[in-house]
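Presented below is the structure to which this report refers.
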Amino acid sequence: MSAAPSNAENSREPAFDVVVVGAGFAGMYMLHRLRKLGFSARVYEQGSDVGGTWYWNRYPGARCDVESMQYSYSFSEELQQEWNWSERYAPQPEILKYAQHVADRFGLRQDIVFNTRVERAEFDEGCGAWQVATSDGKTVRAQFVVLATGCLSNARMPDIKGLPDFEGNVYHTGHWPHEGVDFTNLRVGVIGTGSSAIQSVPLMAEQARHLFVFQRTPNFSIPARNAALTDEERDAVRKNYPEIRRVAREEARNGIYAEMPDRGALDDGENARRVKYEQRWAKGGLTFMMAYNNLLLDQTANDTAASFVRDKIAEIVRDPAIARCLQPDNHPIGSKRICVDTDYYAAFNRPNVTLVDIRATGVEEILPNAVRAGGQMHEIDTLVLATGFDAMTGSVAKIDIRSRDGRTLNQKWAAGPKTYLGLMSEGFPNLFIITGPGSPSVLSNMIVSIEQHVDWIADCLAFMRNHGLVSMEATPDAEEQWVAHVNEVAQMTVYPQANSWYMGANIPGKPRIFMPYIGGVGVYRRICNEVAAAGYRGFAMTARQTDRLAATS
Ligand code: FAD
Ligand code: NAP
């Protein structure tokens with residue numbers, strides 16, 4: 001492997017050791033590690049700057065749902081000591097600024113090509129390298145490709161009759177205009193009631209003349225209890241960072257350091273349970289689901305938490321009919337990613353907000369100036385699509401990835417994604433995925449999972465270089481066993497009961513497979529480490545041709 005690009009983009013030599021696709025938190029840290037190890041690398045990013053999720057999702061109210069002191073890189077002690085998060089959950093502009101700061105601080109931009117999509121990657125068996133074709137018409141050769149394309153980066157435009165003919169502006173939360181949107185005096189329709197809508201509805205309601213929220217499925221949401229962070233709070237976390245990060249990586253199932261549950265929901269009587277839920281509700285945030293250790297495993301336990309939240313909705317929303325409509329009743333709490341809000345349910349007490357229940361009919365049609373649902377017309381000036389993403393596989397599927405004999409990754413994944421450890425897919429050598437399907441990924445504090453994958457891949461490439469190995473691939477057996485294990489563990493939980501994007505259920509025609517690995521980030525990390533320690537068990541590795549000849553002569 002070369003230490004610098006050979007400038008041989010048209011020769012048989014790889015121009016880069018590694019091409020990384022995407023410059024979100026995953027691609028940025030991957031680049032940093034590769035450079036530290038002396039690998040030549042180029043990152044392609046279709047956006048005009050770093051930040052990924054936080055570059056694209058600029059809708060009002062966008063902020064993280066894992067506390068910022070934890071939703072941040074841990075790889076640099078200086079970075080985590082010097083950055084001042086302003087709030088418990090930083091808003092999108094601040095997280096984007098953080099990503100930009102990281103790019104500048106570690107000098108990453110020089111190796112990132114912006115405004116450029118990777119369109120195609122084809123494995124050239126002859127020279128054992130990938131030919132990577134980009135939207136600027138160029139092709140580069142790289143020995144390895146790392147897909148840091150993001151799990152929630154392919155915004156899903158709904159297939160609704162009449163949408164192209166709508167005369168007002170249409171905005172998708174995942175592609176929000178950089179200059180912002182002013183809803184003053186406008187009648188606004190929002191389609192969707194997932195996390196993106198739940199964060200933006202209260203703020204849009206403050207601005208719009210009238211807001212119509214079209215709800216197909218109500219979701220469970222927990223108050224964020226967001227607040228400014230004090231110096232004392234920041235210092236307390238900074239001092240304790242080694243332990244906080246260790247617990248998040250090694251012990252917490254979801255990569256979040258929090259008070260761990262020591263018992264199941266049914267181990268407490270009704271009163272004690274209510275006290276515990278009240279405490280968690282008052283504290284706010286995702287860790288509500290950590291009140292007990294069996295909420296995602298036992299339906300009866302889950303029902304107790306779900307019914308507590310339904311009661312809270314009824315307390316907040318004054319009109320009992322609207323409250324009933326907002327109460328989720330068709331999936332266990334937490335089986336879709338739980339939402340975290342600031343005044344979402346209270347927004348429905350405003351006279352300028354109308355909840356439109358489209359459970360029975362869906363949106364029937366979009367007309368040039370209205371949305372028709374349940375046989376009723378709702379006149380609007382502007383439409384907001386908070387309709388989510390083709391999650392986990394969507395951005396990978398958009399790249400034409402071809403291996404031996406022209407077999408594409410899309411063909412291989414036609415019945416659902418198949419990977420070994422979420423890191424590689426058999427038949428596609430030297431192609432890594434960060435937080436891919438089959439890894440804890442979206443079930444976790446994603447930065448913890450991103451750092452773990454990047455470190456594993458970087459260590460693996462260094463191992464290969466040190467051992468004269470040039471090619472690596474998951475074996476069919478290892479992949480088959482891992483896919484079965486991922487599925488088996490998912491079936492032990494309440495997750496598969498929901499029509500969630502975890503299951504691919506939000507995309508018509510997408511195979512219903514529970515995509516992330518639910519075994520927990522600590523368990524998963526140990527498995528990955530054991531695989532590496534056993535000489536990358538389950539991966540077939542090939543030596544350089546000259547080494548092979550030397551070995552046989
Ligand atoms: P991304 O940030 O999605 O970056 C991928 C990049 O790849 C994008 O910039 C994209 O443009 C680029 N790309 C994709 N395909 C190509 C291509 N073919 N060519 C070139 N470039 C390409 N997770 C949490 O843990 N906590 C949170 O609080 C949280 N909040 C979220 C809020 C929102 C609104 C959303 C949508 C997601 C949130 N997530 C959260 C998940 C979030 O996606 C991850 O935390 C993390 O930011 C993902 O980083 P990434 O680098 O893996 O992917
Ligand atoms: P989402 O959770 O997939 O929600 C999409 C919403 O749109 C759902 O309510 C869905 O209804 C609705 N919808 C989709 N197509 C529709 C159609 N044709 N007609 C009517 N309704 C339709 O997407 P998201 O809200 O963007 O969130 C995705 C994920 O991103 C989250 O789960 C989370 O992981 C992450 N995120 C996090 C935060 C945060 O708090 N930090 C904020 C935003 C996003 P159905 O449920 O009926 O399909």
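The values are calculated or read from the model by the stated rules, or taken from the named source; none is laboratory data. Just so it is clear, the model here is predicted, and its values are computed rather than measured. All Cβ positions, even for glycine, are placed from backbone atoms using ideal geometry, and neighbour counts span all protein chains on display.
Examine region 207-229 for a residue that is without any contact (Cβ under 8 Å) to a residue 24 or more places away in the chain and either more than 16 Å from ligand 2 (Cβ to nearest atom) or not assigned by TED's automatic domain parsing to the domain that holds Ile450 (or both), and state whether such a residue exists. The answer is no; no qualifying residue exists.
Sub-8 Å Cβ pairs linking a first residue in region 112-135 that is assigned by TED's automatic domain parsing to the domain that holds Ala41 and within 16 Å of Val21 (Cα to Cα) to a second residue that is in a loop (DSSP other than H, G, I, E, B) and aliphatic (A, V, I, L, M), at least 6 apart or interchain, are Ile112/Ala23; Ile112/Val50; Phe114/Ala23; Val118/Ile399; Glu119/Ile399; Arg120/Ile399; Ala121/Ile399, ordered by first then second residue.
Would you mind stating whether Glu45 is of a type in the set (D, E, K, R), closer than 21 Å to Val18 by Cα, crowded, with 19+ Cβ neighbours inside 10 Å and within 11 Å of ligand 1 (Cβ to nearest atom)? Here the answer is yes, as Glu45 does meet what is asked. Screening region 113-144 for residues that are modelled with pLDDT of 95 or more and touching a helix residue (DSSP H, G or I) at 6+ places or on another chain (Cβ under 7 Å) and picking the one that is farthest from Ser40 (Cα to Cα) gives Phe123. Number of residues in region 145-179 that are among the β-branched types (Val, Ile, Thr) and either within 16 Å of ligand 1 (Cβ to nearest atom) or on the phi > 0 side of the Ramachandran plot (or both) equals 4.
Name the residue that is farthest from ligand 2 (Cβ to nearest atom), counting only residues in region 439-470 that are farther than 17 Å from Val18 by Cβ and more than 13 Å from the chain's Cα centre (by Cα).
Applying the filter and picking the extreme gives Gly468.
Note on region 149-165: residues that are among the β-branched types (Val, Ile, Thr) and either modelled with pLDDT under 95 or more than 9 Å from ligand 2 (Cβ to nearest atom) (or both) total 1.
In region 185-199, how many are in a loop (DSSP other than H, G, I, E, B) and either closer than 15 Å to Phe348 by Cβ or within 16 Å of ligand 1 (Cβ to nearest atom) (or both)? Within region 185-199, residues that are in a loop (DSSP other than H, G, I, E, B) and either closer than 15 Å to Phe348 by Cβ or within 16 Å of ligand 1 (Cβ to nearest atom) (or both) number 3. If you go through region 167-176 and keep only what is within 21 Å of the chain's Cα centre (by Cα) and either outside any helix (DSSP H, G or I) or small (Gly, Ala, Ser) (or both), you end up with Tyr171, His172, Gly174, Trp176. Taking region 76-112 as the range and being hydrophobic (A, V, I, L, M, F, W, C) and surrounded by fewer than 17 Cβ atoms within 10 Å (Cβ to Cβ) as the test, only Leu79 passes. Checking each residue in region 262-284 for being in contact with a Phe, Trp or Tyr (Cβ under 9 Å, 6 or more places away or on another chain) and within 17 Å of Ile313 (Cβ to Cβ) picks out Arg274, Tyr277, Glu278, Arg280, Trp281.
Can you report the number of residues in region 109-144 which are closer than 17 Å to Gly406 by Cβ and within 11 Å of ligand 1 (Cβ to nearest atom)? Number of matching residues: 5. Given the condition within 9 Å of ligand 1 (Cβ to nearest atom), at pLDDT 95 or above and either of a type outside the set (Phe, Trp, Tyr) or crowded, with 22+ Cβ neighbours inside 10 Å (or both), answer yes or no: does some residue in region 11-19 qualify? No - not one qualifying residue is present in region 11-19.
Annotation note: Cβ proximity below 9 Å between a residue of region 402-415 that is closer than 26 Å to Arg512 by Cβ and surrounded by 16 or more Cβ atoms within 10 Å (Cβ to Cβ) and a residue that is at pLDDT 95 or above and among the aromatic types (Phe, Trp, Tyr) (sequence gap 6+ or interchain) occurs for Ser403/Phe123; Ser403/Phe428; Leu409/Phe428; Lys412/Phe428. Among the residues in region 403-411, are any in contact with a helix residue (DSSP H, G or I) (Cβ under 6 Å, 6 or more places away or on another chain), hydrophobic (A, V, I, L, M, F, W, C) and within 16 Å of ligand 1 (Cβ to nearest atom)? No, region 403-411 contains no residue that is in contact with a helix residue (DSSP H, G or I) (Cβ under 6 Å, 6 or more places away or on another chain), hydrophobic (A, V, I, L, M, F, W, C) and within 16 Å of ligand 1 (Cβ to nearest atom). Exactly one residue out of Gln215, Gln199, Gln143 is touching a Ser or Thr at 6+ places or on another chain (Cβ under 8 Å), over 25 Å from Leu367 (Cα atoms) and buried (at least 17 other Cβ atoms within 10 Å of the Cβ): that is Gln199.
Of the strands (runs of 3 or more DSSP E) lying entirely inside region 398-477, those carrying at least 3 residues that are under 29 Å from Arg253 (Cβ atoms) and assigned by TED's automatic domain parsing to the domain that holds Gly51 are 431-433.
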